[in-house]
Amino acid sequence: MTAPVYSVADRFASWERVIRRLEPGWDGDDFYPISAYDNDLDSRDALDQVMRALPEEACEGPLGQLLARLDTRFSAATLPDPELSLRPWVRPTTERPEDELAEWWKRKPVRVPWSE
């Protein structure tokens with residue numbers, strides 16, 4: 001192993017992988033259970049914590065711009081889920097009220113990768 005498993009680069013790569021999996025045209029045939037989606041959203045929470053800990057210049061620079069582009073892609077591959085239809089299976093590991101959860105917890109994939 002040459003890099004930390006939970007490095008900032010790894011967290012960005014992980015977020016991009018889940019987004020690619022949700023986007024139209026993804027033809028991967030690897031197993032992706034709904035619990036992995038749950039973990040990926042938790043990982044996005046951790047990425048948010050990392051970004052909040054960085055200086056403002058970093059958040060407004062290339063890292064912040066990359067995250068904004070990835071989040072835009074995630075929004076395009078998902079729909080608002082006001083009824084929280086995934087909540088029985090997809091729950092954050094931290095106990096917080098629903099209104100304090102980030103937007104990614106309140107969306108559902110247009111193309112559900114774990115049922116295909």
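The values are calculated or read from the model by the stated rules, or taken from the named source; none is laboratory data. The structure presented is a predicted model; accordingly, all values stated were derived computationally and were not measured. When we count neighbours, we look across all protein chains shown, and the Cβ atoms used for this are built from the backbone with ideal geometry, even at glycine. Keep in mind that these areas ignore ligands, DNA and RNA; they rest on the heavy atoms of the full protein, side chains included. Shrake-Rupley method; radii C 1.70, N 1.55, O 1.52, S 1.80 Å.
Being closer than 16 Å to ARG107 by Cα, open to solvent by less than 30 Å² (accessible area, probe 1.4 Å) and of a type in the set (Val, Ile, Thr) is a property that ILE19 has. Considering only residues that are at pLDDT 90 or above, in a loop (DSSP other than H, G, I, E, B) and open to solvent by less than 80 Å² (accessible area, probe 1.4 Å), which ones fall in the stretch 100-114? Correct list: LEU101, ALA102. Quick check on ARG11: is it open to solvent by less than 50 Å² (accessible area, probe 1.4 Å), under 12 Å from the mean Cα position of the chain (by Cα) and at pLDDT below 90? In short, yes.
For ASP71, the requirement of being open to solvent by less than 80 Å² (accessible area, probe 1.4 Å) and free of Cβ contacts under 8 Å to residues at least 40 places away in the same chain is met.
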